[in-house]
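Q: The structure's right below; bear with me while I get my questions together.
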Amino acid sequence: MTAFAHPLANPALVAAALCAALSGWMALSLAMARHWQNQHGRGTAPTPQQSRNLRAAGAAGLVVANLLCLFVWDGAQGWIAWLGMLTAMALAAAVALCYAPRRASVLAVACALLAGALLFCAAALHAL
Amino acid sequence: MMGGLRLSMAWLHTWSGLLVGWILFLVFAGGTASYFRDEITLWMKPELHRAAPAQVTQAAAADRAQQVLAQRAPGSPRWYLALPDERNPAVKADWIPARPAAARGEGAAPKKRTRRAFGSATIDPATGADLGKVRDTRGGDFFFRLHFDLHYMSALWGRWIVGFCSMSMLVAILSGIVTHKRIFKDFFTFRPGKGQRSWLDAHNATAVLALPYHLMITYTGLVTLMFMYLPSGVNSVYPERSAAFYQDLNGGPGDVKPAGVAAPLAALGPLVERASSAWHGAAVGRIVVNLPGDANATVTLTQQEGHGLTHDLPSVTFNGVTGAMLTDPGKQSGAAVQTRGVMYGLHVGRFADPLVRALFFLSGLAGCAMVATGVLMWAVKERPKHNKKHGMGRIGFGLRLVDGLNLGSIAGLLLAMPVFFWANRLLPAAMAQRPEAEIAWFFMAWAVAFVAALAWPSRPMWRLQLGLGGALFALVPVLNAATGGAGLATSLAEGIWAIAGFDLVCLGLGLMLLYAAARLRMAPLVKKLPLAGSAA
């Protein structure tokens with residue numbers, strides 16, 4: 001269970017996984033016509049390249065969350081924690097897209113940055 | 001072809017979901033609460049909030065419990081002990097009481113063993129004091145049993161009813177996946193304030209986004225009771241004696257006859273230490289002592305949960321007099337038993353740490369919302385047809401009945417649950433039959449709400465019941481602080497997280513219900529004619 005020895009390192013990793021999952025879902029949503037239009041205005045659409053990039057970034061966010069879960073929890077429990085996080089964060093993404101549709105990309109980027117910062121903190125705590 | 005399949009699946013989804021939806025909401029709500037069974041029980045014993053028993057070793061706790069039970073349960077044929085763990089600081093002891101002298105030795109002795117026939121005690125592992133009698137309550141066990149045994153009927157009937165509803169649920173989930181045309185297109189979509197469209201969005205989001213959980217919990221729920229629902233396999237191998245089957249399955253003490261010769265029970269502490277060292281230090285969780293004080297006594301120790309998903313935990317049996325090890329502590333179960341163990345373990349989620357437990361709880365709430373939005377949507381879709389047929393604002397009997405059942409089973413239950421917590425604090429602490437009185441309050445509140453719901457299935461009634469339930473839930477932290485529990489200020493300051501978490505979750509649920517009640521007042525009765533022809 002204890003992946004990192006420092007008592008605050010694991011919570012930081014778990015928080016990073018949650019942020020990465022939310023960021024991933026937000027990026028995936030922006031690759032969809034409806035949510036892109038909600039942010040960028042009616043009639044606009046992502047270019048095929050933008051769509052591909054958003055999908056790749058979104059998938060990467062979910063994969064990062066998965067790797068962090070498998071690192072923090074042993075095997076099977078890691079997969080369960082990951083699926084639980086995906087559900088929780090997808091519900092959060094749906095709420096965010098409903099009530100702040102214009103801030104979707106801001107939220108995606110902010111969550112990705114936060115995930116990175118938390119990862120850095122966890123690694124620094126571990127190295128201390 | 002596909003349209004035909006979709007349409008027939010839509011029909012199947014509607015009826016397999018609606019007809020059992022009202023019971024399913026109870027099962028989902030009770031099951032979701034059961035993730036915090038231990039915490040609910042602790043909250044309902046406010047005398048224990050601040051009294052964290054001193055930490056002692058498992059062996060010392062077992063020795064102490066043995067001393068207490070030797071006095072409390074003389075002549076009992078079997079003891080069940082649950083040793084302290086992270087969520088439960090006390091020893092929980094249950095025992096089968098000694099049979100009365102008149103019935104002993106007669107073949108026609110009454111076989112009826114109800115829950116109430118068991119003796120039980122909550123023992124301080126350090127001092128041996130009985131912590132349970134400070135305030136007798138079923139606690140979180142009530143919701144746990146309610147979600148598969150129901151109440152006011154035999155557990156057998158309850159389990160058959162719940163099993164039928166769960167099977168229907170599985171059908172509804174699978175047909176729902178087929179009939180939902182836009183799983184990915186509408187993945188994140190929620191559009192509030194649009195009548196039927198909003199209900200469908202909410203139903204889809206709570207169903208699709210938590211789909212792994214819904215499938216898992218419904219299927220594994222059926223697996224937990226599979227020997228009852230599908231008994232033929234077991235019956236063909238164990239034609240007469242299902243007790244022998246459970247002994248082989250669980251490795252329990254089995255059906256050993258008493259020797260009738262008294263012999264002192266071996267000290268439990270050293271047995272706990274030997275089992276733990278055989279498991280490379282893994283803690284002992286449960287102990288079953290069969291025929292304590294008899295020459296044929298056995299002691300079976302089971303490993304503590306939390307080391308893996310499975311509910312099928314390693315166990316070892318000792319001779320209860322000599323202390324000789326009778327079974328191999330490292331014995332591996334067969335593949336089928338291990339598979340069932342993991343499914344059972346997934347369902348009850350006792351392996352989960354606090355965060356994973358919270359995620360399970362959230363998915364459980366999504367399940368409640370899915371069921372509630374599902375049954376409500378049927379009424380929302382049906383209403384325009386009735387308006388057309390009977391004139392604006394008038395509805396037929398079927399819809400009126402569904403309206404009443406929806407209101408009574410959803411808002412009524414959400415009103416009865418906090419009433420249970422309030423009854424726990426407002427009834428005199430020392431009254432007789434206290435657990436039964438708390439449960440009676442729960443069902444009385446629900447019955448009144450249900451009758452009112454069936455009599456006046458209207459929007460003001462929804463507002464009234466949701467508002468009352470919300471207020472009772474939201475005031476739980478106040479109630480807790482005012483009636484001797486560790487209030488939020490104390491529990492947060494002293495890090496009593498189980499109690500603080502309970503108060504905060506109740507507060508959150510209460511605010512959500514109050515918000516729902518307030519929304520019902522703001523929204524006009526018919527905002528817009530609902531969209532027609534969308535599949536549910």
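Q: How compact is the range B:344-408 by the rule of thumb for globular proteins, expressed as Cα Rg over 2.2 N^0.38 Å?
A: Compactness ratio reported: 1.72.
Q: Could you give the length gained on full extension between B:Leu156 and B:Arg241, defined as 0.36 nm per residue of separation minus the Cα-Cα distance, in nm?
A: Difference between extended and current length: 28.8 nm.
Q: Over all alpha-carbon pairs in chain B, figure out the percentage whose distance exceeds 37 Å.
A: 37 percent
Q: Report P(r) for the range B:1-100: all Cα-Cα distances, bin width 5 Å, range 0 to the bin holding the largest distance, values in whole percent.
A: 2, 9, 13, 12, 12, 11, 8, 7, 6, 5, 5, 5, 3, 2, 0
Q: At 222 nm, what helix-only mean residue ellipticity would the protein assembly as shown give, in deg cm²/dmol to the nearest 500, using -39500 (n - 2.57) for each DSSP H run of four or more?
A: Only helices count here, giving -20500 deg cm²/dmol.
Q: Now a separate question. With 10 angstrom as the radius, rank B:Met522, B:Met167 by how many other C-beta atoms surround their C-beta, starting from the fewest.
A: In increasing order of surrounding Cβ atoms, one gets B:Met522, B:Met167.
Q: Any chance you could give the angle, 0 to 90 degrees and rounded to 10, that helix B:412-426 forms with the longest Cα principal axis of chain B?
A: Tilt relative to chain B: about 40 degrees.
Q: Give the residues of the range B:404-418 whose amide nitrogen is closer than 20 Å to a point set 7 Å from the Cα of B:Met512 in the direction of its Cβ.
A: B:406-418
Q: If you don't mind, another one. Starting from the amide H of B:Gly285, placed 1.01 Å from N in the peptide plane, find each other amide H under 5 Å away whose residue is 5 or more places distant or on another chain.
A: The answer is B:Thr302, B:Gln303, B:Gln304.
Q: Amide H of B:Ala266 versus every other amide H placed in the peptide plane: which residues, excluding those fewer than 5 positions away on the same chain, fall under 5 Å?
A: Residues meeting the criterion, in which the H sits 1.01 Å from N, are B:Val321.
Q: So how do A:His126, B:His347, B:His280, B:His13 line up by other beta-carbon neighbours within 10 Å, fewest first?
A: B:His280, A:His126, B:His347, B:His13
Q: Then there's this: Among all stretches of chain B without exposed GluC sites (Glu not before Pro) (DSSP loop, at most 13 other Cβ atoms within 10 Å), which one is longest?
A: B:241-536
Q: Angle between the Cα long axis of helix B:268-278 and the longest principal axis of chain B, 0 to 90 degrees, nearest 10?
A: 70 degrees
Q: Let me ask something else. Where the centroid of each part is defined by its Cα atoms, how far is the range B:346-377 from the range A:48-71 in Å?
A: 26 Å
Q: Now for a separate question. Listed highest first by mean packing, meaning other Cβ atoms within 10 Å per residue, what order do B:202-209, A:34-41 come in?
A: B:202-209, A:34-41
Q: Also: Around B:Leu48, with a cut-off of 10 angstrom between Cβ atoms, what is the net charge of the other residues, counting Lys and Arg +1 and Asp and Glu -1?
A: For residues surrounding B:Leu48, the net value is +1.
Q: Highest first, please rank the peptides B:499-507, A:21-29 by the mean number of other Cβ atoms sitting within 10 Å of their residues.
A: A:21-29, B:499-507
Q: How do A:61-71, B:257-267 rank on mean C-beta neighbours within 10 Å, highest first?
A: The packing order, highest mean first, is A:61-71, B:257-267.
Q: Over the alpha-carbon set of the protein assembly as shown, work out the extent along each principal axis and list the three values in angstrom, largest first.
A: Projected onto the principal axes, the Cα atoms of the protein assembly as shown cover 88, 67, 57 Å.
Q: Still on this structure, please answer the following. When the Kirkwood hydrodynamic radius is evaluated over all pairs of different C-alpha atoms of chain A, what value in angstrom, to one decimal, is obtained?
A: That comes to 15.0 Å for chain A.
Q: Which residues' amide hydrogens lie under 5 Å from the amide hydrogen of B:Asp294, considering only partners 5 or more residues apart or on another chain, with H built in the peptide plane?
A: Answer set, sorted by chain and number: B:Ala263.
Q: Would you please state which residues of the range A:99-128 a label at A:Ala60 would reach in this model, taking the label point 7 Å out along Cα→Cβ and a backbone N cut-off of under 18 Å?
A: Answer for this model: A:105-120.
Q: Follow-up. So what are the ³J(HN,Hα) numbers for the range B:57-65, from phi and the Karplus equation (6.51, -1.76, 1.60; θ = phi - 60°), rounded to whole Hz, Gly and Pro as x?
A: 6, 4, 5, 5, 4, 5, 4, 5, 5
Q: For the range B:473-481, in order, what is each residue's ³J(HN,Hα) by Karplus, 6.51 cos²θ - 1.76 cosθ + 1.60 with θ = phi - 60°, in whole Hz (x at glycine and Pro)?
A: Per-residue couplings from phi come out as 5, 5, 8, 4, x, 5, 4, 4, 5 Hz.
Q: Another one. Any idea how far apart B:Asn387 and A:Val106 come out in nm if each label point goes 7 Å out from Cα toward Cβ?
A: The answer from the label model is 3.8 nm.
Q: Continuing with this model, one more query. For helix A:48-72, report the angle its Cα long axis makes with the longest principal axis of the Cα atoms of chain A; keep it between 0 and 90° and round to the nearest 10°.
A: So the helix axis and the longest Cα principal axis differ by about 20 degrees.
Q: Output wanted: per-residue J couplings in Hz (rounded whole) for the range B:334-344, from phi through Karplus 6.51 cos²θ - 1.76 cosθ + 1.60, θ = phi - 60°, x for Gly and Pro.
A: Values per residue, Gly and Pro as x: x, 4, 5, 5, 5, 4, 4, x, 5, 5, 4 Hz.
Q: Same structure, new question: So which of B:Lys45/B:Lys331; B:Lys45/B:Lys257; B:Lys185/B:Lys385 end up more than 32 Å apart, counting from Cα to Cα?
A: The answer is B:Lys45/B:Lys331; B:Lys45/B:Lys257.
Since every read-out is calculated from the coordinates, none of them should be taken as a lab result. Model, not experiment: these values are computed from the prediction. Note that each Cβ is placed from the backbone with ideal geometry, even for glycine, and that neighbours are counted across all protein chains shown.
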